[in-house]
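The values are calculated or read from the model by the stated rules, or taken from the named source; none is laboratory data. This one's a predicted model, so the numbers in the text were calculated from it and none came from an experiment. Note that we place each Cβ from the backbone using ideal geometry, even for glycine, and neighbour counts take in every protein chain shown.
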Amino acid sequence: MREDEPVYASKASTSNAQRSTPNAQRRKTAHFDLEDRLLDFSGRIIHLVDALPNTRAANHVAGQLLRCGTSPYGNHGEVEAAESRRDFVHKLRICLKELKETRRWLRLLQKAGFVPEQKMGAILGETEELIKIFFTSVRTAEKNSEKDSN
């Protein structure tokens with residue numbers, strides 16, 4: 001057996017549906033921890049802001065982007081410490097709102113030509129993915145709240 005080959009506890013008694021594959025393992029480890037993903041995202045926002053030109057317009061957008069783009073990381077900590085389901089949903093919504101604002105400021109940076117379009121694709125893509133994650137989380141939490149109240 002090679003070093004990089006996954007080890008299975010009992011090959012004979014495990015069906016294919018139950019057996020983990022190398023691709024499935026990669027998918028699970030590739031950015032599945034939301035806290036780490038938000039930390040990476042915040043770091044990318046900080047680097048982007050630091051690379052902007054020192055102009056009045058860029059400084060204004062930089063300040064706005066720095067606040068909303070790093071906010072989801074901190075607010076996610078608040079989500080984890082929510083005091084009730086209602087508080088949990090509220091804090092998830094704050095993360096979602098900040099990510100949507102981040103998307104707007106990133107698009108403005110792109111439109112104003114402060115950052116080349118090819119450099120914006122990855123961070124805009126990650127912003128969209130995070131928005132989808134939080135949108136789905138809010139919707140699921142709201143549905144679960146409705147079930148609990150009925």
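Observations
- Pair list, Cβ under 7 Å, 6 or more apart: region 59-75 residue on the phi < 0 side of the Ramachandran plot, other residue at pLDDT below 95 and surrounded by 15 or more Cβ atoms within 10 Å (Cβ to Cβ): none
- Residue check for A51: modelled with pLDDT of 95 or more, among the small types (G, A, S) and within 23 Å of D148 (Cα to Cα): no
- Picking from residues in region 76-89 that are surrounded by fewer than 18 Cβ atoms within 10 Å (Cβ to Cβ) and under 17 Å from the mean Cα position of the chain (by Cα), the one that is nearest to R37 (Cα to Cα) is G77.
- Some residue of region 127-136 being within 19 Å of I46 (Cβ to Cβ) and touching an Asp or Glu at 6+ places or on another chain (Cβ under 7 Å): no
- Any hit, region 132-149, residues being within 30 Å of N59 (Cβ to Cβ), surrounded by 14 or more Cβ atoms within 10 Å (Cβ to Cβ), modelled with pLDDT of 95 or more and among the β-branched types (V, I, T): no
- You will find that of G43, G63, the residue that is farther than 17 Å from L99 by Cβ and either in a helix (DSSP H, G or I) or under 14 Å from the mean Cα position of the chain (by Cα) (or both) is G63 and no other.
- All conditions in (1) in contact (Cβ under 8 Å) with a residue 40 or more places away in the chain; (2) surrounded by 15 or more Cβ atoms within 10 Å (Cβ to Cβ); (3) among the charged types (D, E, K, R) hold for K97, with the sole exception of (1).
- Filtering region 107-117 for residues that are closer than 19 Å to F41 by Cβ, in a helix (DSSP H, G or I) and touching a Phe, Trp or Tyr at 6+ places or on another chain (Cβ under 9 Å) leaves a non-empty set.
- Residue check for A122: outside any loop (DSSP other than H, G, I, E, B), loosely packed, with under 12 Cβ neighbours inside 10 Å and either touching a residue at least 24 places away in the same chain (Cβ under 8 Å) or hydrophobic (A, V, I, L, M, F, W, C) (or both): yes
- With respect to (1) over 12 Å from the mean Cα position of the chain (by Cα); (2) surrounded by 18 or more Cβ atoms within 10 Å (Cβ to Cβ), the lone exception for E117 is condition (2).
- Yes/no for E83 being of a type in the set (D, E), on the phi < 0 side of the Ramachandran plot and assigned to a loop (DSSP other than H, G, I, E, B): yes
- Close pairs from region 41-52: first in contact (Cβ under 8 Å) with a residue 60 or more places away in the chain and under 14 Å from L109 (Cα atoms), partner in a helix (DSSP H, G or I) and of a type in the set (A, V, I, L, M), Cβ under 6 Å, at least 6 apart: L52/A58; L52/A62
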